Structure formats: C-alpha cells, structure tokens
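Chemist: Okay, here's the structure, questions in a sec.
None of the figures in this text is laboratory data; all of them are computed from the coordinates on show. The structure displayed is predicted, hence computed values, not measured ones. FYI the Cβ positions are ideal-geometry reconstructions off the backbone, even for glycines, and counts take in every protein chain you see.
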C-alpha cells in the first residue's frame, strides 16, 4: 500500500468524521432546544412563526404602497428594494431547498416533538430567511436603532421558533439567516448601483 493511497484514506476518513461530528452537533443542539423547551412558550413561538409570511410580504408592500400614495419617490424606492429582496430571497431559498433536499429533522428523528406545520425540504429555513430579509431591508431603508433592534429581535425569534417547534435544524436556521441577510444586501446594492448609473449625465 503506497503512501498516496494511505493519505487518501486518511483524508476521506477525516471528511467523514467531520461530517458526522457536524451532524451530531446539529441534532444534539436541536434535541436540547426542542425536547427540553418550556412548553408554556409554545403558543408564543407558534404566533411568531405564523406571523412571518404575513409580515415579510405585507411590510414591503405597505412601504411601497405608502410611497405611491404619498407620491414620495424616496419611500417608493425603498419599497421597491424591499420587494426585490423578498423575491431574491424566495428564489434563493427555494433553489437551495431543491439542491440539498434535506429531510426535516422530525422525519429523520421521529422522537422530536413537532409543533408546527412544515412543508418542502429543510435546508435552509424559509421562515428564517424571510424574517432576516425583512429585518435587513428595514434596517437599510430606515437606519435607526428603534427600527434595527426590534427588526432583528423579531427575526431571531422567528429563527429560534423553528427549532423550538421541532421543524428545523440549527444549521437550517443559520443558513436561512445568511440567505435572508444576503438577499437584502444584494438587492440594496444592485438597486443603488442601477440608480447611480441613471443619474450619470450622458456626454455628447
């Protein structure tokens, strides 16, 4: 057995061990959150998790609608960016779910206490990505502490609720937070890049 073959075996073993350790960390933390949870908080976290879709759709539309009604170009632009972030986030989240096709934790580990409806695949968490896309969009549009702090507290509570209710792994929630935040920053950056180009005078 040559040295190269031995190195390949060691490398393969290291990758497998790392993957198993990561999966163990994921389910171990979820078990602690879900099975050891304070069940008196179930109604509160169900309310938070059920509010994500109406909030993530309704808030951008409200900002856009208000801007159009008041004929406020700045507010309208902010609403457009928020709607774009919502769309980018939805597309990215759906694409990743179809690419990874990860089963929900309660499917793989039936002893988990599932307390919320959950469809499609597990990775990343769509509720979390939507909540963080909303929080980041609001923070970029209205950069005041009294907007930023509540927005991210809400997004964090939404992410935690998905684990508390047993429908997502911690890694699903972490990935969802990154996707949502990234989608909002990307939409904000691209929109301002496009707006900047429109303002550049054409030289004849």
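Chemist: Sorted by packing (mean other beta-carbon atoms within 10 Å per residue), highest first, where do 42-53, 149-160, 62-73 land? Walk me through the intermediate numbers first.
Modeler: Values: 42-53: 16.9, 149-160: 19.1, 62-73: 13.8.
Top of the packing list down: 149-160, 42-53, 62-73.
Chemist: Separate question: Please work out how much length the chain gains when fully extended from residue 69 to residue 44, using 0.36 nm per residue of separation minus the C-alpha to C-alpha distance, in nm with one decimal.
Modeler: Values: separation 25, 0.36 × 25 = 9.00 nm, distance 3.46 nm.
Once the chain is fully extended between residue 69 and residue 44, it gains 5.5 nm.
Chemist: Which order do the peptides 161-169, 91-99 come out in when sorted by mean C-beta neighbours inside 10 angstrom, highest first? Could the numbers behind the result be given before it?
Modeler: Details: 161-169: 26.4, 91-99: 15.1.
The densest-packed peptide leads the list: 161-169, 91-99.
Chemist: I've got another one for you. If you scale each eigenvalue of the Cα gyration tensor by 5 and take the root, what three semi-axes come out for region 125-198, rounded to whole angstrom and sorted largest first? Please list the in-between numbers first.
Modeler: Numbers: eigenvalues 134, 42, 7 Å².
Working from the Cα gyration tensor, I get semi-axes of 26, 14, 6 Å.
Chemist: Ranked from highest to lowest mean number of other Cβ atoms within 10 Å per residue, what is the order of the peptides 55-61, 108-114?
Modeler: Numbers: 55-61: 18.4, 108-114: 13.3.
With the highest mean Cβ count within 10 Å placed first, the list reads 55-61, 108-114.
Chemist: Would you please state the base-10 log of I(q)/I(0) at q = 0.15, 0.29 1/Å for region 71-113, with intensities from the Debye formula using one equal scatterer on every alpha carbon?
Modeler: -0.59, -0.91
Chemist: In which sequence would 36, 84 go, from the one with the fewest C-beta neighbours within 10 Å to the one with the most? Working shown, then result.
Modeler: Working: 36 7, 84 19.
In order of increasing Cβ crowding within 10 Å: 36, 84.
Chemist: Also, quick follow-up: Please state, as a whole number in µm²/s, the translational diffusion coefficient that the Stokes-Einstein equation yields for region 3-199 at 37 °C and 0.692 mPa s, with Rh defined as the Kirkwood radius across alpha carbon pairs.
Modeler: Details: Rh = 18.2 Å.
Reported coefficient: 180 µm²/s.
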